[in-house]
Amino acid sequence: DAGVTQSPTHLIKTRGQHVTLRCSPISGHKSVSWYQQVLGQGPQFIFQYYEKEERGRGNFPDRFSARQFPNYSSELNVNALLLGDSALYLCASSFREGYNEQFFGPGTRLTVL
Amino acid sequence: AQTVTQSQPEMSVQEAETVTLSCTYDTSESDYYLFWYKQPPSRQMILVIRQEAYKQQNATENRFSVNFQKAAKSFSLKISDSQLGDAAMYFCARRGGSNYQLIWGAGTKLIIKP
């Protein structure tokens, strides 16, 4: 079975641009979470979606938004990119909301110049 | 603040020996879950071991075990018979009983010396 997949693997953008990151969960998993991991730090929670509804939001500005589609895949959108948005963006899926184990994808490395 | 603290930025151990990574956390909840994740250079976060706060028995997964001290809010990871493949960043994380987001520590880089 395929694990969590994320695209693209790497991305370079300039300040002020917009970016869309994509995540496909493990088949059968209905919950997707997004995390931002700045170099040298632990991940920070951005969003959690379950059954296409937002179930949690971390302390991130409104420039960050996300959605989950009927097939449970998810997109993370970031508008008006800042240099500080440069990070590894991790997507994790789990069978259901509150399930103990989250399975992570390989991440998307975003560089903002 | 609901924080997770890993006080060791880097640890090194000789292959085949035992190493312990430290983690402390802060929470006001009685129901929560604790995790150790491994992140190798490939970047993929892999679950190593988890502990439910209501369980008194320390979790064990093969060469990996934890020392969970609930009153002290301490959750250390012991790796026995260290192998070269254990080299990675190790992150401690906490999840609430009703709030499902993971709160992460800053990580400990584990170096295995051959």
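Between beta-carbons, use under 14 Å as the cut-off and find the net charge around B:F64, counting Lys and Arg +1, Asp and Glu -1.
+1
So how much slack lies between A:E101 and A:R15, counting 0.36 nm per residue of separation and subtracting their Cα-Cα distance, in nm?
Fully extending the segment from A:E101 to A:R15 adds 27.4 nm.
Could you pull out the pairs from B:K38/B:K73; A:K52/B:K38; B:K38/B:K113; A:K52/B:K78 whose alpha carbons sit more than 27 Å apart here?
A:K52/B:K38; A:K52/B:K78
Simple spin-label model, 7 Å along Cα-to-Cβ: A:L82 to B:K55 in nm?
It is 4.1 nm.
Among the aspartates and glutamates, select those whose C-alpha is under 13 Å from the C-alpha of B:K109, and discard any that sit fewer than 8 residues away in the same chain.
B:E10, B:D86
Full extension from B:Q83 to B:T3: what is 0.36 nm times the residue separation minus their Cα-Cα distance, to one decimal in nm?
Length gained between B:Q83 and B:T3: 25.8 nm.
Convert each backbone phi in segment B:60-72 into a coupling constant with the Karplus relation 6.51 cos²θ - 1.76 cosθ + 1.60 (shift: θ = phi - 60°), then list the ³J(HN,Hα) values in order as whole Hz, x for Gly and Pro.
9, 9, 6, 7, 10, 9, 10, 10, 9, 10, 5, 5, 7
Counting only protein heavy atoms and rolling a 1.4 Å probe, how much accessible area do B and A lose on contact, total for both sides, in Å² to 100?
Counting protein atoms only, the buried area is about 1700 Å².
For B:N99 paired with A:S7, estimate the spin-label separation in nm (one decimal), with each label point 7 Å from Cα along the Cα-to-Cβ line.
About 3.6 nm separates the two model spin labels.
Restricting to segment B:4-113, compute how many DSSP beta bridges are antiparallel as a %, nearest 5.
Antiparallel bridges: around 85 percent, rounded to the nearest 5.
Say the dipole of the protein assembly as shown comes from +1 at the beta carbon of Lys and Arg and -1 at that of Asp and Glu; which of A:V4, A:V19, B:F75 then lies farthest toward its positive end?
It is A:V19.
The values are calculated or read from the model by the stated rules, or taken from the named source; none is laboratory data. In this text the structure is predicted, and so the values were computed from the model without any measurement. Using ideal geometry, Cβ is built from the backbone for each residue, glycine included, and neighbour counts are taken over all protein chains shown. Just the protein is used for accessible areas: all its heavy atoms, side chains included, with ligands, DNA and RNA removed. Shrake-Rupley method; radii C 1.70, N 1.55, O 1.52, S 1.80 Å.
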